[in-house]
Amino acid sequence: MSITMKIIQKLLALFYFLLCAAGICALLGAAYFFIILKDLPQVPDPLSRIIETPPTEIYSASQERIMLIGGREAVPLTLVSEHFINAVIATEDHRFRTHHGVDKLRTLKALYITLFIKGKVQGASTITQQLSKNLFFSFRQTYIRKIKELLVAIQIEKKYTKDEILEAYINQIPFGVGAHGIEQAAKKFFGKSALELNLAEAALLAGLPKGPARYNPYLHFERAKNRQKVVLSRLLATGYITKEESDAAAREELQLRPKSLASRTGSYFLDAVIRELEDRYGPEAVYHGGLKVTTTLEPQIQAWAEDAVEKGLSDLDKVIGIKEANKETTDNKKDLKKAERPQGALVSIDTNSGAVKAIVGGRNYFETEYNRAIQSSRRPGSGFKPFVYYAAFEKLNLNPATVMIDKPVTIKIKGAKNWSPKNFGKKNSGPMIIKTALTKSVNTIAAQLVEKTDPKAVVSVAKRCGVKSRLKPVYSIALGASEVKPFEMASAFATFANGGVRHKPFIIKSVEDPFGRILEEHLVAGEKVLDPAITYQVVNMMQAVVDAGTARRVRSLGFVLPAAGKTGTTDDYFDAWFTGFTPSLCTTVWVGYDRKKGLRASNRVGITGGRAAVPIWSYFMLKATDGDPPREFTRPSNIEFKNVDPLTGCEVDDPNGKTVQVVLRKGQTVCQKDKQPKTNVNTQ
Amino acid sequence: MSWSKPKNITEWLRRVFSVRPVMLFIFIFAALVLELRFDWMEKAVGSYLVSTNDMRPQSGAIWEKGQQMTVARKTLEKIIINREAYRREVKKAETLNEIARSLTEDQGAMLSPDKFKRLYLKLPNTIALKIISPFELLDLYNQGEWDRTYLNKAEPGLIVHLLNDENRSLRMLEIPSTLLTHMEQFETELEGSLENYPRFENRIYSSISFFTALSALPESIKQGIIPKPEKLLSMHGRIQRVSISDEVIYGFIEIGFEFVTVTEKKVVLIEGEEWAVWDIINALERGGKTIQTEKKVEEKQPIDILSTGEESTGEDSEKTEGIDSPDPNSMTGEAGEPIEEMEDTDSIIEEDLEDVTPEISIEREEGGA
């Protein structure tokens, strides 16, 4: 047999072999097709059903929509910029208008690259296949999933028009920063509708779905810009734009919406809202029910709160000696990760209604979602003293001019070690009136008062004011030994600010179903829980804390409105607190480390509430109350003011710089100047 | 015919290019080209899949989302249906007490100010005044801020918030459960006899005596004593005894009418105006027609049943006053039969019951007197 014949014979054998193999493959393929057919998901009809899920909309107090949960903000193709549609087609699937679900040439090319070029994997999914994957399948890469995805894509192509497919696609693709669908993306990144996007903006957005996190223009602008250029080159290559247009778009300066507005403002607040909604209605209703939720959040106040915490903690970092983050230097960032940074929390409540205006649960929501404002229980330290003084006034009928002696104190406790609290400065100052004791946050006097009053009475006052945490009725409660949450402290002090009338704090004003039917609405109803006159006495003493006491930094930072409050610092400087209020707004600030670690400056000096929390409070309150007229705390009719000597508590006829003004309730008296000073409470 | 190997190249070529292989090749080639050009396979598979779409499972992310949406809608619908049911019940309710009964701890009711006013006006004066003064209500209504009324069950009984359009409570009214019970007593007949109700123990008169005394009084006073006789007229059975309460509440005194039917005794409450009721008390005591229990009125402490069962104190005197007999001697001196005689009276009435008609018999009683 000649060589030619042998070749022909072999070629023929190969042909028949391939033919048989193709035939067998076709048969096996057909069999497999029928096997997997039963597992293939049904395609919804019409396709637009996929974007029909109504989103749960969350609104601010001023009815500005601040968040969408679930659902899609769908727009018809006619309301989308043509630049964006062209960019998506050019980048993702330039034969979209001609194929029937599969781009065979591209698939073969991708197959070749994946199989024969080492280290390279190329995808060839068409827009329809991507839609199929997003709608029905998990993101786990398997061959079976790919085949199913392809079959569903073929079905979608058969049943729906190209425009219907494209519309479904662009309304569900993720762009990052929580934006799903082009309308949301256009609003988030550029603050405009999808129809208004220009070529440069459209090209940037069309490049994001490939890697929403990788190309996030807020975090990696250069990367995003490069990706935009790739999209522009694809537009040029596919003939949608000219070279000049491409160059002009590449040169155009992109006006991204400020990051603070694009990211979720009030994320800690919104997390709290979502958690509360889930508790009440269940997760399905929240994520798929299309609720319309009106919250008490005021975005501007929330933004100020976030800024104040960020600024205050950055300042604190410097005091502690933590290097500032340098975005350009990777080493510094690593250093920063290594160095544990203190955290902070802020809660601000409208005293007249209980509406929560701002919640900040940490220094950066995107670093840690743990909400220290409402989830973290910490010891309040001296921040708890106002409850002690109120209880003493109420139960023992003491007044701010009552003289106490600051001296070493030991309280015997049955079956336990004696309790000997010390002052912050480890010194004792002798006799002083109660108002001065609170102003200077004298521990020994608070301890004497709780001993006489009984810890249960203090617990009762705190509970009446709205503290929900479990409080132990022990003597050390006077110095804030029981843990409370910042949210509770703000709510409880708001009761003082409001003359003893407690408003239940709330973050959700109303909830409606998708048809506008009301599911719930909050009623603003106050409950008188404290005596207005005693409350005024305590508030007046807390004003002195701000004006001349441990929180006087409030004044040096420029806050001039009438305000009252109390600082708190726990043992070893684990926690630094300040809760302060004007007649209309009560704000609590907590600063500390997540784990038990003391706040200490670089020179190892401990950092107090007055140093760590008061500046944050002041930064925030200066903005939040800007423009508010000075308003005094409501004065009950049955009180009177007296000027007394701070050491003797006796009335002084000619007030001078040393005298202290105190508030007395009807029937209460102070000693006259010609009489001997006396301590009204016997102490050990 | 069995296959034989071609012997030379010519035969090979002839066989290769014979009709069958060429046709097969053309067919396969055409199929491939047509597939590339017209995507017939996708179309065919697509058509088949479209035709079998309904038979396939609703699985995958989008369907799961749909199922979750269904669950969500059902959950919300259930809440709405419950609320609607409450709303309907509240709308139907004719009295505050009916609303209170329909409420649960976690479900309140929203009313318009007009509806609340209507319900308020239906309350007996003694109860209405305990809740809020009509003048204060009028003032609130006139100010134009009162937008809605919210009622919810909470300690101490029923809490009513008069709300403005921002849902802020302008006024909170507390209706203790004791008052709700009392309200119910006014709305329905009380089971049992007058002795079951401590405030009626001390001034019990036979119906003959009461109506005799009543008929002797001028018409204006009669109307003051029984301002709403319709309630009595609508009752079945015969009035056996009448008692006047020990308490004056905001200028009103309760009068209990004990009705007897074949099977049971019931007490119907009417509130008379204080000034008028005093007249009939005087008349009854002057006439010595009481079947007063053995206890002396002046020995009794006034009881304020509306104030959570505690005895009234001096501080409460402006709201609730104990009735002091204008002439205690006449009461004690002529205070009718002892309790043993009460039993006799009862036995007489038992005999009378045999010919009791279901109709009210005030006229017959009056005629008999």
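The values are calculated or read from the model by the stated rules, or taken from the named source; none is laboratory data. Owing to the predicted nature of the structure, the values given are computational and were not obtained by experimental measurement. Cβ coordinates were reconstructed from backbone atoms using ideal geometry, including for glycine residues, and neighbour counts include every protein chain displayed. These accessible areas exclude ligands, DNA and RNA; they are computed on the full protein's heavy atoms, side chains included. Shrake-Rupley method; radii C 1.70, N 1.55, O 1.52, S 1.80 Å.
How many Cβ atoms of partner chains, on average, are near each residue of A:37-48 if near means within 10 Å of its Cβ? List each step's numbers first, then the result.
Working: counts 5, 4, 3, 7, 9, 12, 8, 6, 3, 0, 1, 0.
Averaged over the peptide's residues, the number is 5.
FRET efficiency for residue B:59 and residue A:77, Cβ-Cβ distance as r, R0 = 22 Å, nearest 0.05?
Values: r = 29 Å, r/R0 = 1.30.
My answer for the efficiency is 0.15.
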Dividing the helical contributions, -39500 (n - 2.57) per DSSP H run of n ≥ 4, by the residues of chain A yields a 222 nm value, nearest 500 deg cm²/dmol, of -13000 deg cm²/dmol
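Taking Rh as the Kirkwood radius computed over C-alpha pairs, what is the Stokes-Einstein D of region A:1-90 at 4 °C in a medium of viscosity 1.567 mPa s, expressed in µm² per second?
Numbers: Rh = 19.9 Å.
Reported coefficient: 65 µm²/s.
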Rounded, prolate or oblate, given the Cα gyration tensor of region B:61-166, with a/c below 1.5 counting as rounded? prolate
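How large is the charge dipole for region A:592-645, taken about the Cα centre, if only the Cβ atoms of Lys, Arg (+1) and Asp, Glu (-1) carry charge, to the nearest 20 debye?
On the way: 10 positive and 6 negative charges, 117 e Å.
Dipole magnitude for region A:592-645 comes out near 560 debye.
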Which length gain, in nm to one decimal place, applies between residue A:368 and residue A:640 when the Cα-Cα distance is subtracted from 0.36 nm times their residue separation? 92.9 nm
How far apart, in nm, are two points set 7 Å out from the Cα along the Cα-to-Cβ line at residue B:77 and at residue A:527? 3.7
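Charges only on Cβ, +1 for Lys and Arg, -1 for Asp and Glu: so what's the dipole of the protein assembly as shown about the Cα centre, in debye to the nearest 20?
Once rounded to the nearest 20, the dipole reads 11180 debye.
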Relative counts (whole %) of C-alpha pair distances in region A:561-684, using bins that are 5 Å wide: 2, 9, 13, 12, 12, 14, 16, 12, 7, 3, 0, 0
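Averaged across B:42-55, how many Cβ atoms of other chains sit within 10 Å of each residue's Cβ atom? Write out the running numbers ahead of the final one.
On the way: counts 12, 5, 2, 8, 10, 4, 7, 12, 7, 2, 6, 9, 2, 3.
Mean partner shielding for this stretch: 6.
Using alpha carbon coordinates only, what is the Rg to Rh ratio of region A:73-262, with Rh defined as the Kirkwood radius? Write down the numbers at each step before the final one.
Numbers: Rg = 16.5 Å, Rh = 17.1 Å.
Ratio of gyration radius to Kirkwood radius: 0.96.
For residue A:38 and residue A:109 in one chain, what is 0.36 nm times their gap in residues minus the Cα-Cα distance, to one decimal in nm?
On the way: separation 71, 0.36 × 71 = 25.56 nm, distance 3.08 nm.
Roughly 22.5 nm would be gained on extension.
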In nm, give the distance between the simple-model label positions of residue B:15 and residue B:139, each being 7 Å from the Cα along the Cα-to-Cβ direction. 11.9
Mind ranking A:409-417, A:595-603, B:171-179 by how tightly packed they are, going by the mean number of other C-beta atoms within 10 angstrom, highest first? B:171-179, A:595-603, A:409-417
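Classify chain A from the C-alpha gyration tensor, please: rounded if a/c falls under 1.5, else prolate or oblate depending on whether a/b exceeds b/c. Could the numbers behind the result be given before it?
On the way: a/c = 2.92, a/b = 2.78, b/c = 1.05.
The shape class here is prolate.
Round to the nearest 0.05 the FRET efficiency obtained for residue A:146 and residue B:25 when R0 = 51 Å and r is the Cβ-Cβ distance. Write out the running numbers ahead of the final one.
Values: r = 31 Å, r/R0 = 0.62.
With a Förster radius of 51 Å, E is 0.95.
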Here, residue A:3 and residue A:253, labelled 7 Å along Cα→Cβ, have an inter-label distance in nm of 7.4
Across the residues of B:161-172, average count of Cβ atoms on other protein chains within 10 Å? 3
What residue among B:112, A:190, A:434 has its Cα farthest toward the positive end of the dipole of the protein assembly as shown, where the charges are +1 on Lys, Arg and -1 on Asp, Glu, each on the Cβ? A:190
Using protein chains only and a probe of 1.4 angstrom, how many square angstrom of residue B:278 are accessible, to the nearest 10? 50
Compute the length gained on full extension between residue A:222 and residue A:417: take 0.36 nm times their separation in residues and subtract their Cα-Cα distance, giving the result in nm to one decimal. 63.8 nm
Show me A:644-651, B:47-54, A:487-494 ranked by packing, highest mean number of other Cβ atoms within 10 Å first. A:487-494, A:644-651, B:47-54
Largest first, please: the extent of the C-alpha atoms of region A:383-440 along each principal axis, to the nearest Å. 33, 26, 21
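Please identify every one of the trypsin sites (Lys or Arg not before Pro) in region B:1-96 that sits in a loop by DSSP and has no more than 11 other beta carbons within 10 Å of its own beta carbon.
B:7
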Excluding residues on the same chain fewer than 8 positions from residue B:7, give the lysines whose Cα lies under 20 Å from its Cα. A:6, A:10
Just to verify a number: FRET efficiency for residue A:518 and residue B:236, C-beta to C-beta distance, R0 = 45 Å, to 0.05? 0.50
